Every structure is written in structure tokens, then in C-alpha cells.
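First comes the structure, then the notes that go with it.
Please treat every number below as a calculation from the coordinates, not as lab data. Bear in mind that the values here come from a model prediction, so they are computed numbers and not experimental data. FYI the Cβ positions are ideal-geometry reconstructions off the backbone, even for glycines, and counts take in every protein chain you see.
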Amino acid sequence: MQLNDLLSHTSEWLKGTGPHSNIVISSRVRFARNIEKLPFPHWANKRQSKQVLDMVEEAMKNIDYLKKSTLFKLADMDSLDKQFLVERHLMSYEHAQKSDSKAVIIDSEEIVSIMINEEDHLRIQVMQSGFNLFEAYNIINRIDDCLAEELSFAFSEDWGYLTACPTNTGTGMRGSVMLHLPGLVMTRQINQVLAAIAKLSFATRGLYGEGTQAMGNFFQISNQIALGRNDTELIDNINGLIRQIIEQENQARNLLLTQNRALLEDKINRSYGILKSARIISSQETTELLSLVRLGVDLEIIKDINRRIINELFIITQPAHLQKMENKKLNQNERDIKRAELIRNRLEKAL
């Protein structure tokens, strides 16, 4: 697989399918693992980092789950390629900052990605569309078992899996769910909900994870601590919280429909109209307008397009995707023009 092959492929998490996919965009489970007797990446020298990369590259050849995967070395990528993978949620922004002995393994369906030498030696990630944490967990657990047969992971009987950040020590697992919550935002209940989430020791982040702000009414919610609980308990706790948030979002949407349907329909249809006719549009405005259109699709106010097309537009209108599709660097004004053209064409074809 070549990196550019991903341009013509819909990521698993963007398909708009799975349980509660009108509110839950995707479910992700991530495992942090380190190879025993080797320093964590931030303390490793170049020789040790390369040793980790070589060991993982050799191990993946013997794992059936990774047979259809490709290892991309960051040293072989330019900044645009790296940004492209960040936009697709296949690697973190932090991973893209330095290239020495770093890599990412990506499977052909974009369900599995494994970052090598990020904060930990291995950051294994599995993503599924909709509210599907247990399915993501079952997949990642099998991959982890296979990797453990090839590599000896740093593990303590007292502390569990050893990780660079103490909050990941224990199971090394972080489960996260990406939610679209325009109802709670528009009814001004979101701050109350986020405060309650924080008190329960869950973290809330933006569309692109740690350090990013919420855009387009998207929120990533994940467990903060992995120590002292097993994987099943962690998944159960996240699932319980997300079910409550889904119920609150549904109630907020119903409130909007019953109290001022005309105003809601006006906002949604104005947003749809701008996207169908704009000749120049920024990334931020696109995200905000697409969020309202997605709500319109979910509430059947807009009936001539489907959720998958809107989900895809959130990603392919990002800066690196636009430039990869054009196969050249574009300045901001050129991107804004190309973005508007792409949106018009995609929405027209959907009719």
C-alpha cells in the first residue's frame, strides 16, 4: 500500500455506521506498550530507538492480523505526508514532530494503526465506526496477544504494563469515543455535562485529541487512569458514561425540535445552502457548517445526502488532504478556493 492509496479510501471510522452513529462518530481503543530492558523513547539514544523499530518491523511479519498492513517510516515522509496521517487520525501530532527511528503501521482498512517510538515504544490503536468499543477492544486484544508472542513487553507484577506516562501504567489502555453533540451545545448544557465528566475522572478533548479545542461540536471522551482496574472494567465505565451522554444529547435535540423547529431548520438549511454555493471557505467555517448539516441529516431535515458523505467531508477538506489531492503545495487562499469547489462537487454528486 502506498500513502496516496488512502486518498481513494474511506476510513473505517468515517463510514457513519454502527450503534448510535447519529451521535457517536467513532470508538477507539489504544494500548501503550514498551519493550523490556530498553529505555522509553524520550530517554533512548538513536541506536536504541532504531533497535525498537527493527524489532517491531520484524515482528509484524509473523502476525496474521498485520499481513495487510504497511509500515511507513517517518524519515521517508515530508511534512505534508505527516499532516495527512494526523488528519486521518492514524497518528498523533506529537508523533509527527520528529522523524528519527519513528514509524507508523497502517492496515489496508485503516482500522489498525501502530505508532512506533511515540511516547511509548508502541501505541497500538483500533478504531471502529459508531458506538463499538467492545468490538475495537476485541480486535486490539488479539493483536496485542500476537505482538506479545514476538516481543517481550515491560511488565511489573505490582504495577502492570510500564509506560512513559504514569497515567497509562496498569492496563496501558485508553478507550475513547468521539461524539457529535450539537444539541447540548445549542441548548447551552454542554459546560455542565463537561464539568460532570471531569469529576468522574474522564478527559474531554477536541477533534484531534490532546491539546486541541472542540470544533464543530465534536468531543473526544476517554478514561484518564488505567491503573487499578482491568480492561473490562474500564470499557464498562466508559460505555456507561457514553450511554448517559447519548441520552442527554437526544433529549437536547428533541427540545430543539419541539421548542423552535423553524429556527433550527433555518440554521441547518442556511448552512447547507452556503456549502452548496460558496466559492471560498475556510477550514473552520467548513467544520462548523458541516456540523449543522450533519445534525440536519440525523434529524431528517435534510434528506438528499447521507451521513457518510458529510463525515468524509470533515476530513478531506482539511489542508493536507486538499494538497495531496492536488499533488502540490497550496497557500491558504488557494486551499480555501479548492475546499469550496470540492464541497460543491461532492454535494452535487450526492443528489
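Descriptive notes on the structure:
- Only one of the numbered conditions (1) under 25 Å from the mean Cα position of the chain (by Cα); (2) more than 23 Å from Arg88 (Cβ to Cβ) is not met by Asn217, and that is (2).
- Helices (runs of 4 or more DSSP H) fully within the range 283-351 that include at least 3 residues being among the β-branched types (Val, Ile, Thr): 283-298, 307-316.
- None of Leu162, Leu255, Leu234 is in contact (Cβ under 8 Å) with a residue 12 or more places away in the chain, more than 30 Å from Ser152 (Cβ to Cβ) and of a type in the set (A, V, I, L, M) except Leu255.
To keep it simple, each residue is scored yes or no on (1) buried (at least 20 other Cβ atoms within 10 Å of the Cβ); (2) part of a helix (DSSP H, G or I).
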site: Pro19; (1), (2): no, no
site: Ser26; (1), (2): yes, no
site: Phe31; (1), (2): yes, no
site: His42; (1), (2): no, yes
site: Lys50; (1), (2): no, yes
site: Ala59; (1), (2): no, yes
site: Asn62; (1), (2): no, no
site: Thr70; (1), (2): no, no
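- The number of residues in the range 300-319 that are touching a residue at least 40 places away in the same chain (Cβ under 8 Å) and either in contact with a Phe, Trp or Tyr (Cβ under 8 Å, 6 or more places away or on another chain) or of a type in the set (Ser, Thr, Tyr) (or both) comes to 0.
- Selection of the range 132-155 for residues being part of a helix (DSSP H, G or I), under 26 Å from the mean Cα position of the chain (by Cα) and not aliphatic (A, V, I, L, M) yields Phe134, Glu135, Tyr137, Asn138, Asn141, Arg142, Asp144, Asp145, Cys146.
- Leu85 being under 16 Å from the mean Cα position of the chain (by Cα) and crowded, with 17+ Cβ neighbours inside 10 Å: yes
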